[in-house]
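The values are calculated or read from the model by the stated rules, or taken from the named source; none is laboratory data. Small disclaimer: the values here were computed from a predicted structure and weren't measured. Note: ideal-geometry Cβ built from the backbone for every residue, glycine included; neighbour counts use all protein chains shown. Just the protein is used for accessible areas: all its heavy atoms, side chains included, with ligands, DNA and RNA removed. Shrake-Rupley method; radii C 1.70, N 1.55, O 1.52, S 1.80 Å.
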Amino acid sequence: MRPRYQRLTGLDEALGRVRELSARTVLFDVEPVVAHWDSGQEALDEGVAQVLTRAAAIPGVQVVCFTSNSQRRPSAQPATAGVRVLYLASAAKPFRTSFYRGFPRPGAMVGDQVATDGILARRLGYAFVQCCPVAGRVPPGPRLLSLLGSLVRPLLFTRPG
């Protein structure tokens, strides 16, 4: 049976879904969930800090991992008490899974792209929470990935009934 997925429009909804899933590990796609593709260093740093604070407040969360296929990194390694925090740039989603081995289960992947984030979630056995918070211009690459994702989504996931 194909796992279910849910498409949400904002971070509040996505974090609510992570709470419902009782996830112990949460992976966050950096662009655009944490910071918009075209944003600068300050927006990335603020986004990471905000998302980390909110995710770490969810009962049972033990690992928060920010993951991006870009080379972009925060100014400082994010950290918070009581939660293991990682930031993976150039993560090669969905191909490389070794980064995530050994994380506590159950897990959830919060991201915008079925073709990268969704497939990674499926490979790891995690729930996929598709979060599409983007307002404004979407670069051509992510736009193309979204079209590809709309084709593969019915093969990988079912929508909740």
Inset, instruction - Run down Ser90, Ser75 and say which single residue is surrounded by fewer than 14 Cβ atoms within 10 Å (Cβ to Cβ), under 15 Å from the mean Cα position of the chain (by Cα) and assigned to a loop (DSSP other than H, G, I, E, B). - result: Ser90
Inset, instruction - Could you tell me whether Ala81 is hydrophobic (A, V, I, L, M, F, W, C) and more than 13 Å from the chain's Cα centre (by Cα)? - result: yes
Inset, instruction - Restrict the check to segment 145-155 and report whether at least one residue is of a type in the set (D, E, K, R), part of a helix (DSSP H, G or I) and open to solvent by 60 Å² or more (accessible area, probe 1.4 Å). - result: no
Inset, instruction - Specify the residue that is most open to solvent (accessible area, probe 1.4 Å); the eligible residues are those in segment 21-54 that are among the acidic types (Asp, Glu) and at pLDDT 95 or above. - result: Glu42
Legend entry - Test for Thr9: is it out of contact with any helix residue (DSSP H, G or I) (no Cβ under 8 Å at 6 or more places or on another chain), among the hydroxyl-bearing types (Ser, Thr, Tyr) and either over 23 Å from Arg153 (Cα atoms) or open to solvent by less than 20 Å² (accessible area, probe 1.4 Å) (or both): no
